[in-house]
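First up is the structure itself, then whatever we jot down about it.
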């Protein structure tokens, strides 16, 4: 049986960048890259920050829109079942702290 982690493993996607492999590894709690991303944050103004394992500070990665587009594209081509897709979305929401949501809730 193939697992979600196996279906999203970077070795299945030769064109996947090292940055995206690190991001997917963080979301799935896998150490596929060095350095390994320990934390992903989307700022209230839509930028993606990452903190590498063992580091204190976050660094700029790019736009949240790019992450979301690339994540959706990956899920689309990975051959996931409906249940696996739901699990992938759940893991994304559990891992990526999105401060845009908090900004939207403020009066």
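Which residue pairs have Cβ atoms closer than 6 Å, lie 6 or more positions apart in sequence or on different chains, and pair a first residue in the range 77-92 that is in contact (Cβ under 8 Å) with a residue 60 or more places away in the chain with a second residue that is in a loop (DSSP other than H, G, I, E, B)?
As it stands, the answer is 78/8, since those pairs meet every condition given.
Scan 41, 61, 23 and give me the residue that is in contact (Cβ under 8 Å) with a residue 24 or more places away in the chain, surrounded by 11 or more Cβ atoms within 10 Å (Cβ to Cβ) and over 11 Å from the mean Cα position of the chain (by Cα).
Details: 41 fails: over 11 Å from the mean Cα position of the chain (by Cα); 23 fails: over 11 Å from the mean Cα position of the chain (by Cα).
The unique qualifying residue is 61.
Would you list the helices (runs of 4 or more DSSP H) that sit entirely within the chain and hold 1 or more residues that are touching a helix residue (DSSP H, G or I) at 6+ places or on another chain (Cβ under 6 Å)?
Correct list: 4-7, 18-28, 64-77, 82-95.
FYI, it's all coordinate maths here, none of it is from the lab. Computed from a prediction, not measured in an experiment: that's the story for all the values here. Virtual Cβ from ideal backbone geometry, glycine too; neighbours counted across all protein chains shown.
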